[in-house]
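Trainee: Before anything else, here's the structure in question.
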């Protein structure tokens with residue numbers, strides 16, 4: 001957490017928010033790891049934005065994303081497509097998410113970051129690293145529930161192993 | 001944590017339990033990562049059950065496990081065999097465990113889940129992913145100490161890289 | 001946490017320290033993952049020691065380290081060399097750090113351990129495991145801020161994949 005955040009919010013409040021965001025990550029990863037892709041859009045606000053972008057693009061301020069969904073309509077469309085129309089080999093994904101930290105608090109809006117590693121397992125193949133990266137999140141508290149107003153997934157794994165089927 | 005759990009247990013209590021379960025994971029992983037296999041059965045109740053099962057078997061409700069120990073006697077027997085009678089190439093294992101969440105509380109019984117990744121290093125080989133999976137645990141509070149009444153390890157890594165020597 | 005620690009420090013205090021150490025890990029990993037290597041020495045006390053040692057050496061009490069910096073002068077020298085004089089292929093690193101636990105508290109000095117996995121991505125190559133290991137840390141509270149008096153990184157990954165450019 002930055003010095004700025006530290007000065008305006010108490011350590012206790014930051015810890016409380018961090019624990020809440022970590023609980024969010026649990027729920028989010030669980031839905032994706034179980035393959036329940038159609039429950040995934042419910043983690044976002046109605047105007048929620050989801051982007052998966054290569055780190056070199058992000059650092060060069062280039063806008064091209066591997067995935068981009070603006071608003072719940074696009075999120076639901078994406079989820080429906082993955083569940084019902086896209087063709088891909090069956091696979092399991094598993095998330096490790098650690099190092100969650102709160103980087104900003106502004107009323108009901110919370111900014112946070114965390115490192116993620118997604119492991120992918122295709123039938124008859126060893127588990128491999130699909131992608132490692134960093135979530136740069138903006139959460140909004142809606143009816144006491146954290147929702148993503150913006151999730152930017154900045155990934156190091158510039159060489160995509162074949163394809164990224166599911167959101168990370 | 002599910003809506004059901006949320007309604008019956010306070011957020012503070014869930015956080016407290018989560019922190020306690022995370023401390024348990026630390027101790028458990030430390031024992032295995034140090035290779036102190038004969039201390040491993042002490043994490044279980046006398047009637048504790050330990051199973052390692054492939055995810056496709058678990059999801060199809062098929063019972064075949066990669067490892068199965070029912071009760072402390074079998075756990076100790078397994079640990080003794082690994083420490084003293086089995087032959088295998090020397091290796092290090094290391095655990096990453098994240099995304100711990102409490103999924104149920106019923107008196108002294110606590111249900112929890114977490115994602116694990118186990119990395120294995122053989123002499124003169126690069127570190128590889130041995131197994132990624134999910135702990136589905138039932139803990140029991142015995143004399144203020146958490147013990148495993150049931151640990152089900154559901155793994156994604158269906159193709160076992162040669163063999164799984166140690167419990168995960 | 002060991003039984004000794006438990007008896008002398010309250011569970012609440014241990015949790016508080018663990019959350020603080022976890023926050024430290026976040027800041028530390030963020031600096032390295034962003035490649036801001038010259039900010040890295042600021043995580044140490046003036047007499048801080050940093051060592052990266054293979055697990056077989058550590059367990060045999062052999063002193064040879066892959067990296068060794070004694071005092072802030074050497075830490076800064078190392079950081080400067082990496083930033084300005086060494087030649088290496090561009091790369092991203094990413095940390096996963098989990099299973100943090102407090103192993104000792106003695107006034108302003110805190111001993112802690114955690115498992116780390118560092119993933120490395122070279123341009124045009126898939127992400128690979130650079131190193132998995134365990135931090136064995138001694139922190140000192142200086143002006144309410146945790147600083148490393150000693151970080152020993154004991155790594156399992158005895159076969160170094162080409163080279164380890166950055167500290168872990």
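Trainee: From the set of residues in region B:116-127 that are assigned to a strand (DSSP E or B) and within 7 Å of another protein chain (Cβ to nearest Cβ), which is farthest from residue B:17 (Cα to Cα)?
Mentor: B:121
Trainee: Give the residues of region A:87-105 that are over 13 Å from residue A:116 (Cα atoms) and at the interface with chain B (Cβ under 10 Å from one of its Cβ atoms), sorted by residue number.
Mentor: A:90, A:91, A:92
Trainee: Of all residues in region A:41-77, how many are within 26 Å of residue C:126 (Cα to Cα) and over 13 Å from the mean Cα position of the chain (by Cα)?
Mentor: The qualifying residues number 13.
Trainee: Determine, yes or no, whether residue B:99 is assigned to a helix (DSSP H, G or I) and surrounded by 16 or more Cβ atoms within 10 Å (Cβ to Cβ).
Mentor: Taking the combined requirement at face value, the residue does not satisfy it.
Trainee: Here is a follow-up. Of the conditions (1) under 15 Å from the mean Cα position of the chain (by Cα); (2) under 30 Å from residue B:24 (Cβ atoms); (3) assigned to a helix (DSSP H, G or I), residue C:112 fails just one. Which one is it?
Mentor: Condition (3) is where residue C:112 drops out.
Trainee: Residue under question is residue A:144, and the condition is that it be over 23 Å from residue B:131 (Cβ atoms) and crowded, with 22+ Cβ neighbours inside 10 Å; does it hold?
Mentor: Taking the combined requirement at face value, the residue does not satisfy it.
Trainee: Can I ask one more? Inspect region A:36-58 for any residue being more than 14 Å from chain B (Cβ to nearest Cβ), at pLDDT 95 or above, closer than 24 Å to residue B:55 by Cα and surrounded by fewer than 18 Cβ atoms within 10 Å (Cβ to Cβ) and give the result as yes or no.
Mentor: yes
Trainee: Here's another thing I want to ask about it. Among the numbered criteria (1) touching a helix residue (DSSP H, G or I) at 6+ places or on another chain (Cβ under 6 Å); (2) within 14 Å of chain B (Cβ to nearest Cβ); (3) surrounded by 18 or more Cβ atoms within 10 Å (Cβ to Cβ); (4) not in a strand (DSSP E or B), which one does residue A:32 miss?
Mentor: Among (1) touching a helix residue (DSSP H, G or I) at 6+ places or on another chain (Cβ under 6 Å); (2) within 14 Å of chain B (Cβ to nearest Cβ); (3) surrounded by 18 or more Cβ atoms within 10 Å (Cβ to Cβ); (4) not in a strand (DSSP E or B), the lone unmet condition for residue A:32 is (1).
Trainee: Could you please give the count of residues in region B:128-168 that are within 12 Å of chain A (Cβ to nearest Cβ) and assigned to a loop (DSSP other than H, G, I, E, B)?
Mentor: Counting residues in region B:128-168 that are within 12 Å of chain A (Cβ to nearest Cβ) and assigned to a loop (DSSP other than H, G, I, E, B) gives 7.
Trainee: Consider residue B:21 carefully, then state whether it is surrounded by fewer than 19 Cβ atoms within 10 Å (Cβ to Cβ) and either assigned to a helix (DSSP H, G or I) or away from chain C (no Cβ under 14 Å) (or both).
Mentor: no
Trainee: Something else now. Kindly indicate which of B:38, B:16 is in a helix (DSSP H, G or I), over 19 Å from the mean Cα position of the chain (by Cα) and over 17 Å from residue B:131 (Cβ atoms).
Mentor: B:16 is the lone residue from the list that is in a helix (DSSP H, G or I), over 19 Å from the mean Cα position of the chain (by Cα) and over 17 Å from residue B:131 (Cβ atoms).
The values are calculated or read from the model by the stated rules, or taken from the named source; none is laboratory data. For clarity, every value in this text was computed on a predicted model and none was experimentally measured. Backbone-built Cβ (ideal geometry, glycine too); neighbour counts: all protein chains shown.
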